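To keep things clear, I will list the structure first and then write my remarks on it.
No lab work stands behind these numbers, since they all come straight from the coordinates. Computed from a predicted model, the values in this text were never measured in an experiment. Note: ideal-geometry Cβ built from the backbone for every residue, glycine included; neighbour counts use all protein chains shown.
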Amino acid sequence: MERLPMRKIKDVLRLYAAGLSDRKIAVSLGVGRGSVRNYRERAKDAGLCWPDVADVDDAVLERQLFTQTTSLDAP
């Protein structure tokens, strides 16, 4: 799956906060519902929501959404 531009990811979060369903967001932005759900879940897991991300720099947001944390204590 090709990653969406940060602007569209922010739009996903903005439209979801406005009460739109994944389906309506997908149609509005021209992306798949699975992509909408994936980005919403990534944001939730990172503790991010709209409007908190509105003014976050794209590079910072990308690191928060896509940097995987690994535990050195894992077996």
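Run lengths n ≥ 4 of DSSP H only: what is the helix-derived mean residue ellipticity at 222 nm for the chain, with -39500 (n - 2.57) per run over all residues, to the nearest 500? Computed mean residue ellipticity for the chain: -16500 deg cm²/dmol.
Please work out how much length the chain gains when fully extended from E41 to R3, using 0.36 nm per residue of separation minus the C-alpha to C-alpha distance, in nm with one decimal. Can you show the working numbers first?
Numbers: separation 38, 0.36 × 38 = 13.68 nm, distance 1.45 nm.
Contour length minus the Cα-Cα distance gives 12.2 nm.
Listed by chain and number, the aspartates and glutamates whose alpha-carbon sits under 15 Å from that of K24, ignoring those within fewer than 8 places in the same chain, are D11. Using the average count of surrounding beta-carbon atoms within 10 Å as a protection proxy, the listed peptides 52-62, 20-30, 6-16 rank, highest first, as 6-16, 20-30, 52-62.
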